[in-house]
Each structure stands twice: as C-alpha cells, then as structure tokens.
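Enquirer: One structure is given below, represented as structure tokens, and several questions about it will come after.
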Amino acid sequence: MERNLIGEMNMMKESGTKPNFTDIARRYGVDRHTVARYWNGGGPQPADAREGRPSGFDRYRAEIEEKAAMPGMTKKALHELLLHRHGGDEPPVPGYNAFTHYLRRNGISPGAGLPEAHPRFETEPGRQLQFDWKEDVLMHDRAGAEYRFNVFSATLGYSRRHLFRRSPTRTRDDLLACMYDVAVRLGGVPSEWLTDNMSAIAAIGGDGRRRRDPRVERFAREAGFEIVPCAPRTPETKGKVESANRFLSRLAAYEGDFDGWEGLDEAAARIERRSNEEPNGTTGVPPELLFMREKDALGPIGNRALLESMLGDVSHQTVPATMLVRCAGREFSVPRRMIGRRARLVLSADGSLRVCDGGDLVAVHDTRAPGGPVVYDPAHYAEALSGKRWCADGDIEEAARRNLELLGGLGGGGES
C-alpha cells in the first residue's frame, strides 16, 4: 500500500497534477494528512508511541461487541449507553472520538453501517415543524417482559429541536393528543406542520381520491397551524424529522436494560435531551440554543379549553395514595410517582383512557374492558408493593398476582 501510494504521488508530481488528498486517502484507507505528508516529502512517520497501549474501552469489549451486533445500532448510540452505564467508573469512559478510533482499530461495525441522509432544505424561524411516527417498536426489559409501542417524533425546521412522545397506538385520537402535547411543550405553534400522507390525517375514498380528515383539519385550524403533506414518494422533503428518528435508534441500545414503562420513558427522555444538547450536523449549533431564537417566532396556541375538548372528554384530578383516578364510573391505576400530582384524563369516544402528567403519557386503560369498579395495572400494583417493608423484593411479583386475584374475586377487577 505504501509503495503504491508513493508511486502515485511521484507520477502526479511528474505530470504536474495537483492531488485530491481526501479522495486518495479514501482509496488507500489512510488519513488525508498522511497523504499530504507524502506529497510534501515527509514520507512515513515514526510509529506513534501510543500504538499498542491498552484502551479505556478494553474493559467493555464484550459489552460493546454484544450491542454492536444489534440491527440498527449506531456508534453514537453505543457510546451514549456506555456513558450512562459506566458514568461513575474510574478512569472515566473515554470520549466519542476515542471510541470511533477503537471501533475502527478492532474492526467493530455497529449496525452494519446504515446509510445517512444529508438534508439541506432550510426554513425561517417559526415556519415549519416536521412530524412522523416511529412505528411498532418492540423492546424487552431486564425481566424479559415485552413492550410494544409507537413514538411520535417532531422536529422544528429552523432550530432542529426534537420532541419524542410514546404512544400505544397511531389512531386519530393519538395523533391529536400528540399534536396538542407538542404545542404545549413548545409554548407555541409553527405555521405549517409537514408530514407524509399518513392514514390518521387522510383516507382514500370510494372514488380513489385522498381526502383530509375533517376532525384533524379543524383541530389544526383551531390550534393555529396548517398541515402540509409532503409530495408522494418524496420522504426526503421531511428529512429533518427522518434525521431525528435516527436519534431514536439510540433507544435500541437499551434493549434488556430498563425496568418497566417508567424506565423506558426515562431512556427516551434522556435521548431527547441529549439530541437537543449536541451540535446539529448541519447547523453546527445545539438545537436547544437555536430554539431560544425560534421560540419567539412561534404563533400563539389557540383556545386550549376548546382544543382539549376536541381530544375527548377531558378532566383533571389530583392522584391520591391509592394511585387510582376515577373515570366512566370506575377507578384506574397510575404509576406511584403520580401520587399528589395533578393528572389530565382524556377519555376518547372509543373508550380509551389516557392519563397524562403535563405532556407525558403515564397510563392507558380501556374503560370498556370487562372487570370490576377498580382496575389496577399489575405493573403499577407491583410498584406500590415495592415500598412495603413486609414484602421482600423476591416476592413482589407473586404478592401482586395474589392480591390482584383476590381483588378480582371481590369484584374489584384486574388488569386493564
């Protein structure tokens, strides 16, 4: 390789051709600065004294290889997981540049190198938000329990600020709830919301023509924005939210490394926070900083009371120590952390009850499912028992199962 590189340099000098260092470096698998040294007569350099030294990542080698083999894994996602898992280690986990060098040196290729998109379409502050779904995500917690869900992903066109919201399904009710929560979290609305022709906002009629859903159209109008579908078969027109979805690939690193829905939501929140704190690859500025400028350009949110009424039957309750909220003549459980907090309950026409803490979805129940007047989610009940001194850790799940069976036998209901 070295002989061929030197030979090519000599031939180009004789012909008076100026080399493209980047192109040559890519072909020979070396750094462009190495090519420049050859061109300038420096020749090969002495071996770096650091070569052969143990790496700070050697202690995590098995862990890195295991996670790198997962489909869709990225280098950034894997490095973020190491920082989270081993943040208190001494010496500390080395930085991202050292990590990429370690992967190259050891021939480790996370996710088999997925192709990257490089959008360059720009919009002025406050004009556009792009949104989409991350559909049918399947993950397992530390106990092996299965979790299926969707993620609503939204990205502001100017600042690239990302917002992620977990959703059990992708119905129109889910879409409107996600839109409302995004607007509340942003504190305003961009004038246009761009997406593909997802079935939640449009359907094909008997004549084969695509029509907007009037309920979604009215919600957008009352909220103060317009929904703009991107052209068919041109997903690149919403490339900013597609780029945001790549941040969600970091969630795959938490496969088998979270506890329940709460642990999953904490991981997603951590990914959202990190994605907004890191410099964007196009702007070079963290989205959180640019959002400070874009926020002032957002339009005001429409009448919130009216918008909430369009989501369904909305009520607010302070959660008691029983971890139960009342709706449709029955009581339904929420996570223990909600005790004493003000919860927003949204009852949709299909009987689905969504319990929210601000913009975060914390529980979903089917109020039309059979059962008694009290419905505890087994995970919520086990969480409540974990705080009881008389219930040892190893007995929590079994104790929860027995107590829920007794509750059901008394007409109290079981899992929703």
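All of the numbers you see were taken from the coordinates with simple rules; none came from a lab. Remember, it's a predicted structure, so these values are computed and weren't measured experimentally. All Cβ positions, even for glycine, are placed from backbone atoms using ideal geometry, and neighbour counts span all protein chains on display.
Enquirer: Would you please give the FRET efficiency between residue 62 and residue 257, computed as 1/(1 + (r/R0)^6) with r the Cβ-Cβ distance and R0 = 22 Å, to the nearest 0.05?
Expert: So, using R0 = 22 Å, E works out to roughly 0.90.
Enquirer: Express in nm, to one decimal, how much length is gained between residue 285 and residue 169 on full extension, taking 0.36 nm for each residue of separation and deducting their alpha carbon distance.
Expert: Additional length available on full extension: 38.4 nm.
Enquirer: Search the structure for amide H atoms under 5 Å from the amide H of residue 196, placed 1.01 Å from N in the peptide plane, and list their residues when 5 or more places away or on another chain.
Expert: Amide H neighbours of residue 196: 230.
Enquirer: Separate question: Using θ = phi - 60° and the Karplus form 6.51 cos²θ - 1.76 cosθ + 1.60, what ³J(HN,Hα) does each residue of the stretch 361-377 get, whole Hz, x for Gly and Pro?
Expert: For the stretch 361-377, the Karplus-derived couplings read 7, 10, 7, 9, 9, 9, 6, 8, 5, x, x, x, x, 10, 10, 9, 5 Hz, x marking Gly and Pro.
Enquirer: I've got another one for you. Amide H neighbours of residue 372 under 5 Å, at least 5 residues apart or on other chains, H built in the peptide plane: list them.
Expert: Residues meeting the criterion, in which the H sits 1.01 Å from N, are 413, 414.
Enquirer: Same structure again: Please give the contour-minus-distance gain from residue 349 to residue 314: 0.36 nm per residue of separation, less the Cα-Cα distance, rounded to one decimal in nm.
Expert: Going from the current span to full extension adds 11.5 nm.
Enquirer: Testing the spin-label approximation: label points 7 Å from Cα along Cα→Cβ at residue 70 and residue 85. State their distance in nm.
Expert: Going by the 7 Å Cα→Cβ label model, 0.9 nm.
Enquirer: Test of understanding: what is the full-extension gain from residue 135 to residue 17, defined as 0.36 nm times their sequence separation minus their Cα-Cα distance?
Expert: Extending this stretch completely gives an extra 37.3 nm.
Enquirer: A follow-up question, please. Could you list which residues have their amide H under 5 Å from that of residue 362, counting only those 5 or more apart in sequence or on another chain, with H placed in the peptide plane?
Expert: Distant-sequence amide H within range of residue 362: 355, 356, 357.
Enquirer: Peptides 138-147, 260-269, 353-362, 315-324: what's the order by average Cβ count within 10 Å, highest mean first?
Expert: Those peptides, ordered most packed to least, come out 353-362, 260-269, 315-324, 138-147.
Enquirer: I would also like to ask the following. Residue by residue through the stretch 306-317, what is 3J(HN,Hα) from phi via Karplus (6.51 cos²θ - 1.76 cosθ + 1.60, θ = phi - 60°)? Round to whole Hz and write x for glycine and proline.
Expert: Taking θ as phi minus 60°, the curve returns 5, 5, 5, 5, 6, 6, x, 7, 9, 9, 10, 9 Hz for the stretch 306-317.
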